[in-house]
Amino acid sequence: MPWIPHPTAPIIRLDAGPRAPVLQIFHGKPHALAFLADGSLVVGMSRGLTVHDPSAPTPPRAAIDVGGKVEWMVAHPDGESVVAAVSDPRARAVVRAWPATARVVTLLRPSSHEGHFCGGLSPDGAQLVWLNSDPSPVLTTVDALTGATLRELDLPPEFDRAHTLAVRSDGAVYLTGEYVNIIHPDGRREPRLDSPFYMRPQPLFADERGGMICSDGHRFVVAGGLFESAGRVDRRSGGGTVSYDRARITFHDSLAPVQVWDVAAERVIFRAEMARATGSIPGWWGQSAAASATHVAAIDHADASITIWPIDQPDAPIATMAGYSQGVQRLMFHGAGLTVHTCQPANTLNAVIELDRTTGAAQMLARDHVHDIARTRDGQRLLVLREDRPLAPVAVDLFDATGAVVETLSVQRGAGELALAPDDAMWGVVSHTYPAGHRQEPTCHAQWRPFGASKWAKNLKLRGRWQCIALADTAAAVAVEEEVTVVAFAKGKTLLTTKLPKRVARIAISRDGTWVGVACFDALRLIRVATGAVVELAVDLPGERTGAIAMCFQDDAWLFVAHASGAITQHRVPSGEQTAALFGHTDAVRALAWADGALWSGSEDGTILRWGDLG
């Protein structure tokens, strides 16, 4: 299959600092959109805010650092500012930003890194109400200009299931627990047992008559003091963004069309399909569409671009903003090229991009249902682990540099991952069978062979569901459940078998096969293959501890570990001592590689970073 054109990836040179990134590929991942009163489009993304003229959106009019990834954003009723929930590996905050002046004020700092932000502004914009669910639900109201706490109300545990809330003009809050509740400013809680609430709606907007519109498009009016269903904006409504003047609500999520609801006219005034965004979509936060009086903008989850339309022309988009990314889960370097496996799940959308690291020129492999990739350093061989449909046999395609399939090898039905030896001589794959009975464990098959060989050099079978593989120049390291096995390529001799206290999530092996790094569900460990000695690695990071999801060695000197928080820790080999914590990403780091004498990292935040001097 050939390579097909793909938008150029922006390459951004960064100011060099100690233990800091010096180069960035892609702008990041967009999460939330809002329009200001002057018609400007504000994009909240994984690396702050950008401001655009919707008629000519590129380049941005301004960029504002708000302290991290934008998880939630809404235009303030003043029409000049936005309120945004942001996070990075070290902290979370809710800020108010004025794009015209780049002024940023911190309104509050949630104590927990966990969960989506649940909050909303009062109709006049004077107050911000948010639900803090850590450790138990507390409804907090703060001044939307200073962040001063105005009141706090403890709520029962049932409210930790709420995802959205709506604030009425009198300060009452609509919030769903077991039922929709009206939380009055005096602290009185009024559970509403009205019949329409069996579907547990998530309030998004409260109108002047006490009715509400929910994040799934359900509408409710008040009649005779009771809530009554008024139908739905559309059966495929999702998400929801309220305009600064409360005149429009824009709905859009990964499986739904873009729709704009006119609050006064009580009808849809704009509808556009984004049919490419099908299937499970990874790691999106925030509100993915917004509307002004003249324009509509929406994030295309298929490729992370942003499409802009005139509000009266849903069939005639006027601009597309590219240069963003869905995120990265594998990095393979070859000369001046880089092949990337994006965070697109293994469904009907393509997921493999080849980049020129000098120019940003890009092309995409015309292959969907991709589970993993590996590519040799000369760029001549590309391995793709894929399936044709769910539960179908999984296969490995070997492509040449032009994108033509040279060979296809079937493996087991349950997809795993690929591995490539540093010298490019050997490649391997783990996959598993499905058990005949639901009480049985599947069988994991770890297999490897030299390029050009007619059969597998080894087929290691182990019982279990969790599986991973890594290759050195002379040996393979395989983890299945809690068991780690290292096998030499020469004669298939087992060099190490050890069982760890907890399940292994990730594994890495040093190029010479001396060391194995493992990320277990309870701790990081470093294993000396020759003796089986295990060192537990202490991790020093701010905030809650998050799991390790990628690892790589730099020769025998360093082990780098990527964390779900977005941080990367650097550990000395053989002691395991942490010597540094690297902060450059704002979301989970899913790929690490050492290439051209530098550490490279790819993240769900949509960026690829090249790090400078790490000491």
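Laid out as a table, the results:
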item	result
Strands (runs of 3 or more DSSP E) within the stretch 63-174 that include 2 or more residues over 25 Å from residue 327 (Cβ atoms)	91-98, 103-108, 119-121, 127-132, 138-143, 149-154, 165-167
Qualifying residues in the stretch 245-256 (those that are at pLDDT below 90 and out of contact with any Lys or Arg (no Cβ under 6 Å at 6 or more places or on another chain)) - the one surrounded by the most Cβ atoms within 10 Å (Cβ to Cβ)	252
Residue match in the stretch 147-170 (condition: in contact with a Lys or Arg (Cβ under 7 Å, 6 or more places away or on another chain) and open to solvent by less than 80 Å² (accessible area, probe 1.4 Å))	no
Per-region count, the stretch 257-281, residues modelled with pLDDT under 90, out of contact with any His (no Cβ under 9 Å at 6 or more places or on another chain) and open to solvent by less than 20 Å² (accessible area, probe 1.4 Å)	1
Residue count, the stretch 461-489 (criterion: of a type in the set (A, V, I, L, M) and at pLDDT below 95)	1
Residue that is of a type in the set (A, V, I, L, M), under 28 Å from the mean Cα position of the chain (by Cα) and either open to solvent by 10 Å² or more (accessible area, probe 1.4 Å) or within 24 Å of residue 590 (Cα to Cα) (or both), where the choices are 460, 471	471
Residues of the stretch 105-121 that turn out to be modelled with pLDDT of 95 or more and surrounded by fewer than 20 Cβ atoms within 10 Å (Cβ to Cβ), as a count	2
Criterion (part of a loop (DSSP other than H, G, I, E, B) and touching a Phe, Trp or Tyr at 6+ places or on another chain (Cβ under 7 Å)) met by exactly one of 210, 239	239
Strands (runs of 3 or more DSSP E) enclosed by the stretch 397-508 - at least 2 residues per element that are farther than 20 Å from residue 332 by Cβ and among the hydroxyl-bearing types (Ser, Thr, Tyr)	494-499
Top-ranked residue in the stretch 171-180 [being touching a residue at least 40 places away in the same chain (Cβ under 8 Å) and out of contact with any Lys or Arg (no Cβ under 8 Å at 6 or more places or on another chain); ranked as farthest from residue 134 (Cα to Cα)]	171
Subset of the stretch 505-545 (residues that are open to solvent by 20 Å² or more (accessible area, probe 1.4 Å) and of a type in the set (D, E, K, R))	506, 511, 512, 522, 528, 536, 540, 544, 545
Subset of the stretch 546-593 [in a loop (DSSP other than H, G, I, E, B), among the small types (Gly, Ala, Ser) and open to solvent by 10 Å² or more (accessible area, probe 1.4 Å)]	547, 557, 564, 565, 575, 584
Cross-chain or 6+ apart pairs with Cβ under 6 Å, the stretch 403-424 first and open to solvent by 20 Å² or more (accessible area, probe 1.4 Å), then aromatic (Phe, Trp, Tyr) and modelled with pLDDT of 90 or more	405/399; 420/427
Qualifying residue in the stretch 308-315 (condition: within 19 Å of the chain's Cα centre (by Cα), in a loop (DSSP other than H, G, I, E, B) and either of a type in the set (Phe, Trp, Tyr) or at pLDDT 95 or above (or both))	no
Residues (under 17 Å from residue 553 (Cα atoms) and either of a type in the set (Lys, Arg) or under 28 Å from the mean Cα position of the chain (by Cα) (or both)) located in the stretch 480-508	505, 506, 507, 508
Count - residues of the stretch 177-207 that are farther than 16 Å from residue 154 by Cα, among the hydrophobic types (A, V, I, L, M, F, W, C) and part of a strand (DSSP E or B)	4
Restricting the stretch 36-63 to residues that are over 21 Å from residue 603 (Cβ atoms) and touching a Phe, Trp or Tyr at 6+ places or on another chain (Cβ under 9 Å), the residue that is most open to solvent (accessible area, probe 1.4 Å)	37
Hits in the stretch 307-348 (condition: within 30 Å of residue 246 (Cα to Cα), of a type in the set (A, V, I, L, M) and buried (at least 23 other Cβ atoms within 10 Å of the Cβ))	321
Selection within the stretch 292-307 - farther than 16 Å from residue 274 by Cα and part of a strand (DSSP E or B)	295
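Matching residues to (1) more than 32 Å from the chain's Cα centre (by Cα); (2) over 22 Å from residue 159 (Cβ atoms); (3) open to solvent by 30 Å² or more (accessible area, probe 1.4 Å); (4) of a type in the set (D, E, K, R):
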position: 212; (1), (2), (3), (4): no, no, no, no
position: 220; (1), (2), (3), (4): yes, no, no, no
position: 225; (1), (2), (3), (4): yes, yes, yes, no
position: 231; (1), (2), (3), (4): yes, yes, yes, no
position: 243; (1), (2), (3), (4): no, yes, no, no
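The values are calculated or read from the model by the stated rules, or taken from the named source; none is laboratory data. For clarity, every value in this text was computed on a predicted model and none was experimentally measured. Neighbour counts are summed over all protein chains in view; Cβ atoms, including those assigned to glycine, are modelled from backbone coordinates with ideal geometry. Only protein heavy atoms, including side chains, enter the accessible area calculation; ligands, DNA and RNA are left aside. Shrake-Rupley method; radii C 1.70, N 1.55, O 1.52, S 1.80 Å.
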